[in-house]
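Asker: Got a structure for you, questions after.
Bear in mind these aren't lab numbers, they're just calculated from the coordinates by the rules spelled out. Worth saying up front: this structure is predicted, and the values here are computed from it rather than measured. Note that each Cβ is placed from the backbone with ideal geometry, even for glycine, and that neighbours are counted across all protein chains shown.
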Amino acid sequence: MRNRDFRKRPDKKWLFVLPAIILFSILLSYAVMQLWNSILPEVSSAGKLNFWQALGLLVLCRILFGNFGPGNRFRGRPGFGRSREISEKWQNMNEEERTEFRSKWKEHSRRGGNKAPDDGNR
């Protein structure tokens, strides 16, 4: 019974989240406006921005360079989100395979990452 009553109540977190989002947008727009107006008119022939133009610029940049969906920020980047796969591989390794992996990783780190191995034939 108690769980059903809890589900029927409106979620009160929006009473705090929505004003925080609005306040953050206002502060970010103000910061963009101040930076633009202090740098670009002197450096180039750009005019000064007002608050609403700065807000519009932020929205335009978000549309062009980002997305509005949550959790999609790193989609498509190579290597991101592979921690589960690597963790499963590690769990399935026996102790000998883990020792071999550690030694290869140490050698990889000593060489400085993706540099070609030095075979000594040069």
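Asker: What pairs can you find where one residue is in segment 15-39 and within 16 Å of Leu49 (Cα to Cα), the other is of a type in the set (Gly, Ala, Ser) and in a helix (DSSP H, G or I), and their Cβ atoms are less than 7 Å apart, with a gap of 6+ or different chains?
Answerer: Ser29/Ala54; Val32/Ala54; Met33/Ala54; Trp36/Ala54
Asker: Okay, next question. What are the residues in segment 26-41 that are surrounded by fewer than 16 Cβ atoms within 10 Å (Cβ to Cβ) and of a type in the set (Ser, Thr, Tyr), if any? Quick ask: steps written out before the conclusion?
Answerer: Of segment 26-41, the ones surrounded by fewer than 16 Cβ atoms within 10 Å (Cβ to Cβ) are 26-28, 30-31, 34-35, 38-41.
Within segment 26-41, Tyr30, Ser38 qualify.
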